[in-house]
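Colleague: Take this structure first; my questions come after.
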Amino acid sequence: YAAREQGKKIRFGNSTDVSDPQEINFDGNPLYVTVYSVSGAYRGQTTDIRSFKPNSLDLYDMSGNVAEWCNDWYDKKYYHTSLSKDPRGPQTGKFKVLRGGSWANHSFKIRNTYRNYNKPSIIKKMYGFRIARNYQK
């Protein structure tokens with residue numbers, strides 16, 4: 001919801017439908033170019049926060065840089081049976097959801113709709129988290 005700026009139909013968390021390594025920290029290798037990406041720099045590491053412009057909610061790095069752990073447990077089929085508005089994920093599981101993709105991913109994995117997962121005990125330099133609170137207008 002935050003990456004899509006309160007539910008807008010946009011592909012990436014920086015208000016765009018095309019990923020560009022000048023605007024998002026991801027693997028811009030020409031081998032991975034799609035109709036919704038352009039090639040460019042592959043930095044191979046995280047960048048400082050606020051290195052790129054924020055989305056319209058003033059949130060930075062909602063796509064790329066580090067994949068962010070979510071509180072939701074992962075279930076591949078969950079969205080087929082869940083509520084369509086604000087699904088919370090299953091009550092238990094083996095894996096936690098990761099969103100946003102990282103500097104090590106190509107454009108497919110940094111899309112707003114892509115969900116990755118891993119065991120919550122796994123530590124990688126391309127994983128992080130974001131402290132969040134309720135949005136107030």
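The values are calculated or read from the model by the stated rules, or taken from the named source; none is laboratory data. Everything quoted here is computed from the prediction, not taken from an experiment. As a convention, Cβ positions derive from the backbone with ideal geometry for all residues, glycine included, and neighbour counts pool all protein chains shown. Please note that ligands, DNA and RNA were not included when accessible areas were found on the heavy atoms of the full protein model with its side chains. Shrake-Rupley method; radii C 1.70, N 1.55, O 1.52, S 1.80 Å.
Colleague: Can you pull the percent of the chain's accessible area that's carbon plus sulfur, 1.4 Å probe, other chains left in place?
Modeller: 50
Colleague: Can you tell which of 111, 11, 88 shows the greatest fluctuation in a Gaussian network model of the chain with Cα springs below 10 Å?
Modeller: Ranking 111, 11, 88 by mean-square fluctuation puts 88 first.
Colleague: Please give the Cα centre distance for the range 1-41 versus the range 69-137, rounded to the nearest Å.
Modeller: Using only Cα atoms, the two centres lie 17 Å from each other.
Colleague: Work from the charge dipole of the range 1-108 (Cβ charges, +1 for Lys and Arg, -1 for Asp and Glu, about the Cα centre) and give the residue of 90, 49, 101 farthest towards its positive end.
Modeller: 90
Colleague: Can you flag which of 53/96; 85/124; 9/124; 77/109; 8/109 are past 24 Å Cα-Cα?
Modeller: Details: 53/96 28 Å; 85/124 31 Å; 9/124 30 Å; 77/109 18 Å; 8/109 19 Å.
Check vs 24 Å cut-off fails for 53/96; 85/124; 9/124.
Colleague: Test of understanding: what is the full-extension gain from residue 2 to residue 41, defined as 0.36 nm times their sequence separation minus their Cα-Cα distance?
Modeller: Extra length available between residue 2 and residue 41 comes to 11.4 nm.
Colleague: Accessible area, 1.4 Å probe, largest first: how do 26, 52, 129, 108 sort?
Modeller: 129, 108, 52, 26
Colleague: Given Cβ point charges of +1 (Lys, Arg) and -1 (Asp, Glu) and nothing else, what value in debye, to the nearest 20, does the dipole of the chain about its Cα centre take?
Modeller: Numbers: 23 positive and 12 negative charges, 107 e Å.
So the dipole magnitude of the chain works out to roughly 520 debye.
Colleague: Take the Cα coordinates of the chain, assign each an equal point scatterer, and use the Debye formula without solvent to give log10 I(q)/I(0) at q = 0.10, 0.11, 0.15 Å⁻¹.
Modeller: The Cα Debye sum returns log10 ratios of -0.32, -0.39, -0.73.
Colleague: Using Cα springs under 10 Å in a Gaussian network model of the chain, which residue among 24, 49, 110 shows the largest mean-square fluctuation?
Modeller: Checking each option, the largest mean-square fluctuation is seen for 49.
Colleague: Suppose the chain between residue 95 and residue 134 were pulled fully straight at 0.36 nm per residue; how much longer would it get relative to their current alpha carbon spacing? Could the numbers behind the result be given before it?
Modeller: Details: separation 39, 0.36 × 39 = 14.04 nm, distance 2.46 nm.
Taking residue 95 through residue 134 to full extension adds about 11.6 nm, to one decimal.
Colleague: Could you please put 27, 48 in sequence from largest to smallest accessible area, using a 1.4 Å probe?
Modeller: I get 48, 27, largest accessible area first.
Colleague: Shifting gears a bit: Counting only heavy atoms of protein chains, what accessible area per residue, in Å², does the range 75-137 have with a probe of 1.4 Å?
Modeller: Each residue of the range 75-137 exposes 80 Å² on average to a 1.4 Å probe.
Colleague: Of 110, 69, 39, whose Cα points farthest to the positive end of the dipole of the chain (charges on the beta-carbon: +1 Lys, Arg; -1 Asp, Glu; origin at the Cα centre)?
Modeller: 69
Colleague: Could you calculate the FRET efficiency of residue 31 with residue 121 from 1/(1 + (r/R0)^6), where r is the beta carbon distance between them and R0 is 35 Å, rounded to 0.05?
Modeller: That gives a FRET efficiency of 0.60.
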